[in-house]
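Worksheet for the structure shown next.
The values are calculated or read from the model by the stated rules, or taken from the named source; none is laboratory data. Quick caveat: nothing in here was measured; it's all calculated off a predicted structure. Reconstructed Cβ throughout: ideal geometry from the backbone, glycine too, with neighbour counts over all protein chains shown. Just the protein is used for accessible areas: all its heavy atoms, side chains included, with ligands, DNA and RNA removed. Shrake-Rupley method; radii C 1.70, N 1.55, O 1.52, S 1.80 Å.
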Protein chains: 2
Amino acid sequence: MKARVHVTLKPGILDPQGKAIQHALGALGFGAVDKVRQGKVIDLEIAETDPEAARASLREMCEKLLANTVIENYAIEIDAGP
Amino acid sequence: MKARVHVTLKPGILDPQGKAIQHALGALGFGAVDKVRQGKVIDLEIAETDPEAARASLREMCEKLLANTVIENYAIEIDAGP
């Protein structure tokens, strides 16, 4: 089963990487960009057939390793297809 | 208008960061994880009301700055909501 996890900085947490991208886009002439935030996307393949079990497992992975829950949010998407 | 861009390594390009995550998950007891690939997600707010113009602009941003198209793919999602 495939899954995708988004790990993004919580609102209010400074994002210097996002600011750098925004600045660089401005320098390239893309002045219409008001805000940029950069996060991580993690694509996983899990040997698990039950979507609910997969989601529970992914939640634990996020809490333990994938996200720093003090400053980051995570979102789990399960691709229930074959 | 809000948009989200995913930048992921092309299939076949080595992903040491993904491998490191997979290894760390295995060490934490998540042995059912078969494959991990890590990419970037970039959330942008653009001062543009036409979704098609926004998409064209984002495509140009990806080609010029956000993605290294030799080794990375990008996908653009536009949130057409208010």
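Over all distinct Cα-Cα pairs of chain A, the Kirkwood formula returns a hydrodynamic radius of 14.4 Å. Give me the summed buried accessible area for the B-A pair, 1.4 Å probe, to the nearest 100 Å². In total, chains B and A hide about 2700 Å² from solvent. Counting only protein heavy atoms and a probe of 1.4 Å, the accessible surface of chain A is 54% carbon and sulfur. Rolling a 1.4 Å probe over the heavy atoms of the protein chains gives chain B an accessible area of 55 Å² per residue. Computed from Cα positions, the angle between helix A:16-27 and the longest principal axis of chain A comes to roughly 50 degrees. Between residue A:79 and A:2, A:3, A:4, the built amide H atoms are under 5 Å apart, and every one of these is 5 or more places off in sequence or on another chain. The long axis of helix A:51-61 is offset from the longest Cα principal axis of chain A by roughly 60 degrees. Which Cα, out of B:6, B:23, B:46, lies furthest along the positive dipole direction of the stretch B:1-79 (beta carbon charges, K/R +1, D/E -1)? The residue sitting farthest along the positive end of the dipole is B:23. Using a Gaussian network model of chain A in which every pair of alpha carbons under 10 angstrom is joined by a spring, one finds that among A:67, A:53, A:32 the greatest mean-square fluctuation is at A:32. For residue A:23, the label point sits 7 Å beyond Cα toward Cβ; its separations from the matching points on the remaining copies run 3.4 nm, from shortest to longest. Net charge dipole, the stretch A:13-82: roughly 500 debye, given to the nearest 20, about the Cα centre with Cβ charges of +1 for Lys and Arg and -1 for Asp and Glu. Counting heavy atoms of the protein chains alone, residue B:21 has an accessible area of about 30 Å² for a 1.4 Å probe.
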